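S.K.: Quick one: this structure, given as structure tokens, is what I'll be asking you about.
Only the coordinates and a few stated rules stand behind these numbers; no lab work does. What you are looking at is a predicted structure, and each value in this text was computed from that prediction instead of being measured. Counting neighbours? That spans all protein chains shown, and the Cβs are built from the backbone with ideal geometry, glycine included.
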Amino acid sequence: MKIHNTTGGRIFDVANYVFLSLIGIVTLLPFIYVFAGSFATEAEITSRPFFIWPEQFTLGAYEYIFSTPAFIRALVTTVLVTAVGTLVQLAFTVTMAYPLAKKNLRGRQVILSLVVFAMVFSGGMIPTFLLVKDLGLLNSYWALILPAAINPFSLIIIKNFFQELPAELEESAKMDGATEVGILWRILLPLSKPVLATFALFYAVGIWNDFMSPLLYLSDNSKWTLQMYLRQVTAASDLLGTGNVDPNYIPPEQGIKFAVIVVATLPILIFYPFLQKHFAKGMLIGSVKG
Amino acid sequence: MSQLTDALASNIGAGDGPGLGKGKGKRPGKPAKVPRGKFSVHFAHYKWLYLLLLPGVLYFAVFRYGPMYGVSIAFKEYVPFLGVNGSPWVGFSHFQDFFANPDFPRLLGNTLILAFLNLGIAFPLTIVLALLLNEVRLSILKRTVQTLVYIPHFLSWTIVASLSFLLFALDIGPLFQLLNNLMGTDIDFLSDPAWFRPLIVLQDIWKNTGWGTIIFLAALATVDQDQYEAAIIDGAGRFRRVWHITLPGIRSTIIVMLILAIGQTLNTGFEQIYLMTNALNREVADVFDTYVYFVGITQGAYSYSTAVGLFKSLVGIVLIFGTNALAKRFNQSGLF
């Protein structure tokens, strides 16, 4: 279709392009500033109002944080919890989605209704906290993984995906004497790799970014995750008097805050292109926490 | 055994008809061979599937329905060593306490103001951004801008809050200096209660406006292109086309998103508000979600805070059903 373009239309187009480009740049500016600042000296950060390139390049902030045991511990912890948590959550979701994709399984409708109801109504923060406490999971990393083990939206999307796979695949496997578990493991999972990779990424981002669960369940600050550590570094003082920030803690220099933010952001930015490949299709809307 | 597996295989991929449980699963030409009478036979046959189902069902039972049962402490006086079951019932007294508490009107006000700011500013901005993106015919520009504006959605609130702390840092933050120079003031945006709400809205816009356009862009792609051609022939300009074709074309999407947003009115986002709350702005910052945390977790008033949380959830459900009914009454397609 050839769109007839008036002068007014062309002016609008140019203005629109400029405006949208500005929006894109403004979105990105905070990252660029923080990234540049993490390589700048303290004097430069405090004296220059804004910059996207440091005058004097230094790795001091990174040297400092990577020689701080609390930071290393938080980083390693978060990487491990994210890796294990993603596997556990994916395993829970897939093993539940597969039987639910079988339309003749008795009890399927009841279970699906209960899953949908759990999407609408939840017990809320305190009852969940008391449950985790009663299960003895306080100050355990499982408290960051198990309460969110299955995202109902992801479950239903994966179930629908399994349902839409051609039945012949399974039929022929049956002929060859494959078991249900064998079919899931050897036929469905390899076929679902791209879909599962996407959900794995979304689960991983969810765990990596999670601040509420460690805040609620990890009171022992030697177990803190990166988000908790980041919060302590940047908030820097116990403004709330909630005891979630060590009262003896001395606020660090600005550059160190910049560097911690960069480390906490980088994995998300690295995985972002893989995420973007899939969510743009719109199939994942609503399935992401936060 | 082969008979049984055949029957199962023949049922895989079948339309979403009635299951075996209802005894009406027969489809023409393919009589199911699985015995239907007894559940025990059905169960024995599908034991592997039920075994696979077990972890998930246990998860929902424990971590989703367990807390729902735990909500009962809103009507009890929870005593830790007595547990949820053993604690004595107190009826609606926690709710009465809450409604009589001066905190209640303050929390309600703070929550509603944030919600309305969000609905009134962030929501329309999302639609405007989607419309502007939709007008772009230079696909490389469109994709680049989309790529950039989606990024913040994937960052944690901790990072968003930390970025705000740095950008608005007293005396040295770039935005602190820029805005104060422009206005000729000396405001500490992070602790000034008057600036709490603008900051929250700004964060919301930065983090979620781009992401929010996805659903509207998807809807915009379905608008009938022939109508545009007809409108162009009729001499309609750019803005008239947007007003008379594009917007009506995505009206049902706007309404659905609006219903969902209104249903979220009282969910102000715990992490964001918690991270931006400090001793100086508590008066305007406290919302239901953070109040439940402060009173429940840090002060140990479990029953009272559960009652507050339950009140919030119920109002949310009423709101979502209410707006849905309203949308239907005005002859618009609702959400369900």
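S.K.: In what order do A:VAL34, A:VAL14 fall by count of nearby beta-carbon atoms within 10 Å, going from fewest to most?
M.R.: Lowest to highest Cβ neighbour count: A:VAL14, A:VAL34.
S.K.: While we're looking at this one, here's another question. R0 = 45 Å: FRET efficiency of B:LEU314 with B:GLU229, Cβ-based, nearest 0.05? Please report the intermediate quantities before stating the final value.
M.R.: Details: r = 50 Å, r/R0 = 1.10.
Approximately 0.35, to the nearest 0.05.
S.K.: Sticking with this structure for a sec: Indicate the gyration tensor shape class of the protein assembly as shown (rounded, prolate or oblate), computed on the Cα atoms with a ≥ b ≥ c the square roots of the eigenvalues: a/c under 1.5 is rounded; otherwise a/b larger than b/c is prolate and the rest oblate.
M.R.: It comes out oblate by the Cα gyration axes.
S.K.: Tell me, in nm to one decimal, what length is gained between B:PHE116 and B:ARG143 on full extension, where the rule is 0.36 nm per residue of separation less the Cα-Cα distance?
M.R.: Separation in residues times 0.36 nm, less the Cα-Cα distance, equals 6.6 nm.
S.K.: Name the residue, out of A:TYR229, A:TYR17, A:TYR98, whose mean-square fluctuation peaks in a Gaussian network model built on chain A with Cα pairs under 10 Å.
M.R.: Of the options given, A:TYR17 has the highest mean-square fluctuation.
S.K.: Here's another thing I want to ask about it. Within the stretch B:120-142, list the residues whose amide N lies under 14 Å from a label point set 7 Å along Cα→Cβ of A:GLN276.
M.R.: Within reach of a label on A:GLN276: B:140-142.
S.K.: While we're on this one: Can you give the average number of partner chain beta-carbon atoms within 10 Å of each beta-carbon in peptide B:160-169, as a whole number? Please report the intermediate quantities before stating the final value.
M.R.: Details: counts 1, 5, 13, 9, 2, 7, 10, 5, 0, 5.
The mean count of partner-chain Cβ atoms within 10 Å per residue comes to 6.
S.K.: If you find the alpha carbon centre of the stretch B:137-171 and of the stretch A:82-125, how far apart are they in angstrom?
M.R.: Rounded to whole Å, the Cα centres lie 33 Å apart.
S.K.: By how many nm would the segment from A:ARG186 to A:SER172 lengthen if fully extended, with 0.36 nm per residue of separation less the alpha-carbon distance? Present the calculation step by step, with values, prior to reporting the outcome.
M.R.: Working: separation 14, 0.36 × 14 = 5.04 nm, distance 1.27 nm.
Full extension from A:ARG186 to A:SER172 adds 3.8 nm.
S.K.: Residue by residue through the stretch A:180-185, which ³J(HN,Hα) values in whole Hz follow from phi under the Karplus form 6.51 cos²θ - 1.76 cosθ + 1.60 (θ = phi - 60°), with glycine and proline marked x?
M.R.: Working through the residues one at a time gives 4, 5, x, 5, 4, 6 Hz.
S.K.: Something else: Classify chain B: rounded, prolate or oblate, from the alpha-carbon gyration tensor (a ≥ b ≥ c, eigenvalue square roots; a/c under 1.5 rounded; otherwise prolate if a/b is larger than b/c)?
M.R.: Numbers: a/c = 2.20, a/b = 1.18, b/c = 1.86.
Because a/c hits 1.5 or more and a/b fails to exceed b/c, chain B counts as oblate.
S.K.: Stretched out fully, how many nm does the piece from A:SER21 to A:ASN221 gain, at 0.36 nm a residue minus the Cα gap?
M.R.: Stretched fully, the A:SER21-A:ASN221 segment lengthens by 67.7 nm.
S.K.: What are the residues whose amide H is under 5 Å from the amide H of B:LYS76, where those residues sit 5 or more places off or on another chain and H is modelled from the backbone?
M.R.: B:VAL90
S.K.: Taking θ as phi - 60°, what are the ³J(HN,Hα) couplings along the stretch A:28-41 by the Karplus curve (6.51, -1.76, 1.60), each to the nearest whole Hz, with x for Gly and Pro?
M.R.: After applying 6.51 cos²θ - 1.76 cosθ + 1.60, I find 7, 3, x, 5, 4, 4, 5, 5, 5, x, 5, 9, 9, 7 Hz.
S.K.: In what sequence, highest mean first, do B:44-57, B:178-191, A:149-162, B:134-147 appear when ranked by Cβ atoms within 10 angstrom? Before the final figure, lay out each step's value.
M.R.: Details: B:44-57: 17.3, B:178-191: 13.2, A:149-162: 21.1, B:134-147: 15.6.
In decreasing order of mean packing, B:44-57, B:178-191, A:149-162, B:134-147 become A:149-162, B:44-57, B:134-147, B:178-191.
S.K.: May I pose another question? Using alpha carbon centroids, what distance separates the stretch B:93-127 and the stretch A:154-183, in Å?
M.R.: Using only Cα atoms, the two centres lie 47 Å from each other.
S.K.: Here's a follow-up. Just want the ordering: B:SER313, A:SER213, A:SER222, B:SER162, from fewest to most Cβ atoms lying within 10 Å of their own Cβ.
M.R.: A:SER222, B:SER313, A:SER213, B:SER162
S.K.: Measuring from label point to label point, each 7 Å out along Cα→Cβ, what is the B:LEU82 to B:LEU51 span in nm?
M.R.: The modelled label-to-label distance comes out at 4.4 nm.
S.K.: Taking R0 as 45 Å, what's the FRET efficiency between A:PHE117 and A:ILE72 from their Cβ-Cβ distance, rounded to 0.05?
M.R.: Computed FRET efficiency for A:PHE117 and A:ILE72 comes out at 0.55.
S.K.: Before rounding to the nearest 500, sum -39500 (n - 2.57) across all DSSP H runs of length at least 4 in chain B and divide by the residue total; then give [θ] at 222 nm in deg cm²/dmol.
M.R.: Result for chain B: -18000 deg cm²/dmol, rounded to the nearest 500.
S.K.: Label A:ILE11 and B:LYS38 with points 7 Å out from Cα along Cα→Cβ: what is the distance between them in nm?
M.R.: 8.4
S.K.: A further question on this structure: Sticking with the crude label model, points 7 Å out along Cα→Cβ, report the distance from A:GLU164 to B:ASN181 in nm, one decimal please.
M.R.: 5.3
S.K.: Same structure, new question: Assuming a ≥ b ≥ c are the square roots of the Cα gyration tensor eigenvalues, decide whether chain A counts as rounded (a/c under 1.5), prolate (otherwise, with a/b larger than b/c) or oblate.
M.R.: Values: a/c = 2.26, a/b = 1.31, b/c = 1.72.
Because a/c hits 1.5 or more and a/b fails to exceed b/c, chain A counts as oblate.
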